[in-house]
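Working notes for the structure below.
The values are calculated or read from the model by the stated rules, or taken from the named source; none is laboratory data. Only a predicted model underlies this, so the values are computations on that prediction, with no experimental measurement involved. Don't worry about glycine lacking a Cβ; one is built from the backbone with ideal geometry, like all the others, and counts go over all protein chains shown. For accessibility, only protein heavy atoms count, side chains too; no ligands or nucleic acids. Shrake-Rupley method; radii C 1.70, N 1.55, O 1.52, S 1.80 Å.
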Amino acid sequence: MSKVENISFAENFPISFKELEKEAEKVMGAGGFGYVQSGAGGEETLKKNIESFAKYSIVPRMLRDVSVPDTSVNLFGKTYPYPVFLAPIGMQRLEHSEGELASARAAASFGIPFIQSTVSSYSIEEIADATGTSPKWFQLYWSNYEDAAFSMVRRAEASGYEAIVLTVDTVMMGWREADLRNNFSPLKLGYGKANYESDPVFMATLHDGDVVQGILDNIHHPTLSWEHIARLREKTSLPILLKGILHPEDARLAVEKGIDGIIVSNHGGRQLDGVIAAIDALGPIVKEVKGRIPVLFDSGIRRGSDVVKALALGADAVCLGRPYVYGLAIGGQAGVENVLANFIEETKVSLSLAGVGSLKELAGLQLIR
């Protein structure tokens, strides 16, 4: 894409989330769009995730020097320039032929972590080869054959990934009516098998060579417990974060059991419908953790002011989901970069207008309900 074309692309690129979603629907098939856009059940939680942000109002401070904003964040001994990371979303070839390769390159261009899903369309090694030493974390879906899970963790560590994000709210698939209506399963279509096909430990478990069925047999784990997580702790020196924590008691247990971080999330409203909005769960969890480990946030982030509210409630960083995937569908890597550029700039503007020149000052930013 030439420089002139880049300028034209950026000028005509959708800005708001609603515009992104509308344009993405035009280029995605009904099955793929329904898979990304929809939530579980009656979508009560999907709606609450977004609407609950409006319950929190920022009380800005004035006459503060915000001329040189510092948006950097330090996690696990690493410093990242912005507190906006790319959430783990699987099967991104649904949106674009380059899928996770494009998204990872976009994250690398901003120096922020790309959190790669277990069910990616490209393998750990392919992402690492495409992005070099840029920050990357690996999201792990536990396997019923746990040696396969440990194998993927070893591969991520060998490829230079900086953390393991274990998703704990997917012991089985949520009730997703859009997918049922569309008779759509990206796993059955083979979109998320790259990490499995390239894993010798997993492949050795197959009796008939059916990779997709092997994934389906392994990816749901209703017996997952703290004992499994303790065994994972023994297998890697990388920081381990638990994604899907909503209850303060689970946060307390995570700290006690030596977990390195938490991601407050309800899976973007895609798992159990009717649960607490993620933003409403954040404050009580931060209070319980008391700064002993980092607390990250996802589910419902749609604009820069949402980022500010989550950070003011105690999140150390936020993970962006659907918005960047829509950007991927619209324009590949350049589309993701445009989404990130807009989010980061809006976050900077929102912080400055709230009187916050550095993320270190967020503890003094007041929110009211």
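Here are the numbers:
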{"quantity": "Surrounding net charge for Leu353, when Lys and Arg each add one and Asp and Glu each subtract one, Cβ distance under 12 Å", "calculated": "+2"}
{"quantity": "Selection of trypsin sites (Lys or Arg not before Pro), the stretch 263-342, meeting DSSP coil and at most 11 other Cβ within 10 Å", "calculated": "Lys290"}
{"quantity": "Gyration tensor verdict on the stretch 161-255 (Cα atoms; rounded if a/c is under 1.5, prolate if a/b is larger than b/c, oblate otherwise)", "calculated": "oblate"}
{"quantity": "Solvent-accessible area of Ile127 with every protein chain in place, 1.4 Å probe, in Å² to the nearest 10", "calculated": "0 Å²"}
{"quantity": "Length-normalised contact order for the stretch 217-369 - Cα pairs under 8 Å, 6+ apart - percent", "calculated": "17 percent"}
{"quantity": "The chain - charge dipole about Cα centre, Lys and Arg +1 at Cβ, Asp and Glu -1, debye rounded to 20", "calculated": "960 debye"}
{"quantity": "Loop sites in the stretch 93-195: trypsin sites (Lys or Arg not before Pro), DSSP, at most 13 other Cβ within 10 Å", "calculated": "Lys188"}
{"quantity": "Distant-in-sequence amide H partners of Asp70 (H built 1.01 Å from N, under 5 Å)", "calculated": "Ser358, Leu359"}
{"quantity": "Contact order relative to length of the chain, as percent, for alpha carbon pairs under 8 angstrom and 6 or more apart", "calculated": "26 percent"}
{"quantity": "DSSP beta bridges in the chain [antiparallel fraction, %, rounded to 5]", "calculated": "20 percent"}
{"quantity": "Between the stretch 150-206 and the stretch 301-369, the alpha-carbon center distance in angstrom", "calculated": "28 Å"}
{"quantity": "Pairwise FRET efficiency - His247 versus Leu63, Cβ, R0 = 41 Å, nearest 0.05", "calculated": "0.50"}
{"quantity": "Phi-based couplings in Hz for the stretch 169-183 (Karplus 6.51, -1.76, 1.60; Gly and Pro marked x)", "calculated": "9, 10, 4, 7, 6, x, 7, 10, 5, 4, 5, 5, 4, 7, 6"}
{"quantity": "Kyte-Doolittle mean at least -1.0, axial Cα span of 27 Å or more - DSSP H helices of the chain", "calculated": "322-353"}
{"quantity": "Most fluctuating residue given options Val119, Val66, Val339, as computed from a GNM of the chain linking Cα atoms under 10 Å", "calculated": "Val66"}
{"quantity": "Local net charge near Ser16, Cβ-Cβ under 14 Å (Lys/Arg +1, Asp/Glu -1)", "calculated": "-1"}
{"quantity": "Ranking by accessible area, most exposed first, for Lys257, Lys48, Lys243 with a 1.4 Å probe", "calculated": "Lys257, Lys48, Lys243"}
{"quantity": "Per-selection metrics, the stretch 216-304 (Cα): Rg and Dmax in Å", "calculated": "13.7, 40"}
{"quantity": "5 angstrom amide H check on Ile115, placed H, neighbours 5+ away", "calculated": "Leu86, Trp137"}
{"quantity": "Environment charge at Ala128 (Cβ cut-off 14 Å; Lys +1, Arg +1, Asp -1, Glu -1)", "calculated": "-2"}
